[in-house]
Amino acid sequence: MTVRRAHPDCWGACWVPADDGESVFFRVSEWPMLPIGTLALIGAFAAIALWSTAWLGHRVDLVDRPSGRKNHTGDIPLTGGLAIYATLLFGTMVLSIPPYTAMCLALASGLVLLSVYDDYQHLNATVRLVLHFGFGGLLAMIGGISISNVGNLLAAGDIPLLWLSVPLTGLSVAGLCNAYNMIDGINGLSASLVALPLAVLLVLARTAGHDGADFALLLLIPCVIFLVFNLGPNNTVLPKVFLGDAGSVTLGFLVTASLVYFSQGENAVILPVTALWLVTVPLMDMLATMLGRWRRGARLTEADRSHLHHLLVDQGMGSRQALAVLVAYAGLCAGVGLALEHVPESLSLLIFFVLFIVHCAFVLRRRRAILQSSGAVPPVASDPLAD
């Protein structure tokens, strides 16, 4: 499939057709983008929304309380997602920044409301998964964003999905909604892993002159402002705020929509297989965690401390160190995926699968080692993943 590229001899620049049929060479810094004043306004609105919704969260008891698996101090508002989404509405409705599609934004609105209810009432995991799949299917059917082609993954030409487009889009949305929700276990992690693919897509979209670049930037700014609050000192000026399901799930939906939007059609800026590399850490963490639960006979939806960030913390890392390691890991994977756009897509997919096997083997081995050292699990000599 065709992917829009920058000029091959200069990163951050491209050839743009002019009215007279000639091509004009532009550097990224020369292209029109959102004015600095608009960017500052978005950032200021996001900060005010985060502060205001944090206050509101305490008033309506939309907070996360410490428990056996949650060792934060005090009640923390679960309102970060609401503030981020309010910023998106402000940017699209007041500042007239066009979303990818109007129905995509409308579906995200429904998902926000569903997830706020989930934060309060804790929906059954299976029901939640089915609903997420349904939102993904609607994104393909009426949202104008669907996976119609997965590229040349078998080295035999592009693979059009035809009637499989809707279920695969639904599966992708359900997968990443839950992947980002499951990895939201230490401060800053889920939002950082949302910001990374958005930042990559923003740079590539802007480099290619893609129309969706402004909305990608609108998505990115409140995520960055959220990180300031989430990782900040937790005082009156910068109260600590968590994403909540309304944040992690809705951002998972919007990241999936972004990856599909920028990897499909004639205006694609990445290959479909590269989308996997941009979300390697949340995707592999979810799959490795579910594999570990299946191996020990636990329910796949059972909450535990078997995620990669838990493993790093249990091995003695501080939460900030674990955050830095995982963001660096995610950034490295994204860089590898972009570099592999210059090789056959089938090879990129094969390398991704090899990394997945290595990732799962490492996580399962280290988790068993930690449990054995605590006396929770006896050594199993015949287990190929045991130390």
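The values are calculated or read from the model by the stated rules, or taken from the named source; none is laboratory data. Bear in mind that the values here come from a model prediction, so they are computed numbers and not experimental data. A quick note on method: Cβ atoms are made from the backbone with ideal geometry, for glycine too, and the neighbour counts reach across all protein chains shown. Surface accessibility is based on the protein's heavy atoms, side chains included, excluding ligands, DNA and RNA. Shrake-Rupley method; radii C 1.70, N 1.55, O 1.52, S 1.80 Å.
All told, Leu164 falls short of being open to solvent by 20 Å² or more (accessible area, probe 1.4 Å), touching a Ser or Thr at 6+ places or on another chain (Cβ under 9 Å) and either modelled with pLDDT of 90 or more or closer than 28 Å to Ala303 by Cβ (or both).
With respect to the conditions (1) open to solvent by 40 Å² or more (accessible area, probe 1.4 Å); (2) touching a residue at least 60 places away in the same chain (Cβ under 8 Å); (3) under 18 Å from the mean Cα position of the chain (by Cα), Leu326 lacks only one, and its number is (1). Out of (1) surrounded by fewer than 23 Cβ atoms within 10 Å (Cβ to Cβ); (2) touching a residue at least 40 places away in the same chain (Cβ under 8 Å); (3) touching a helix residue (DSSP H, G or I) at 6+ places or on another chain (Cβ under 8 Å), what's the single condition that is false for Gly209? Exception for Gly209: condition (3). Regarding Gly185, is this residue assigned to a helix (DSSP H, G or I), in contact (Cβ under 8 Å) with a residue 60 or more places away in the chain, surrounded by fewer than 24 Cβ atoms within 10 Å (Cβ to Cβ) and small (Gly, Ala, Ser)? No; evaluated as a whole, the condition is false for this residue. Does the range 24-39 contain at least one residue that is on the phi < 0 side of the Ramachandran plot, at pLDDT 90 or above, part of a loop (DSSP other than H, G, I, E, B) and of a type outside the set (Phe, Trp, Tyr)? No, the conditions are met nowhere in the range 24-39.
Within the range 193-206, is even one residue of a type outside the set (Lys, Arg), farther than 24 Å from Pro66 by Cα and out of contact with any helix residue (DSSP H, G or I) (no Cβ under 7 Å at 6 or more places or on another chain)? The answer is yes, given that some residue of the range 193-206 is of a type outside the set (Lys, Arg), farther than 24 Å from Pro66 by Cα and out of contact with any helix residue (DSSP H, G or I) (no Cβ under 7 Å at 6 or more places or on another chain). Kindly provide the set of residues from the range 305-323 that are touching a residue at least 60 places away in the same chain (Cβ under 8 Å) and part of a loop (DSSP other than H, G, I, E, B), ordered by number. Answer for the range 305-323, where residues must be touching a residue at least 60 places away in the same chain (Cβ under 8 Å) and part of a loop (DSSP other than H, G, I, E, B): Arg305, Ser306, His307. The condition (being under 19 Å from Ser346 (Cβ atoms), open to solvent by 20 Å² or more (accessible area, probe 1.4 Å), of a type in the set (A, V, I, L, M) and out of contact with any Gly (no Cβ under 6 Å at 6 or more places or on another chain)) is satisfied by just one residue among Leu291, Leu276, Leu300: Leu276.
For Leu153, the stated conditions hold: it is in contact with a helix residue (DSSP H, G or I) (Cβ under 7 Å, 6 or more places away or on another chain) and surrounded by fewer than 21 Cβ atoms within 10 Å (Cβ to Cβ).
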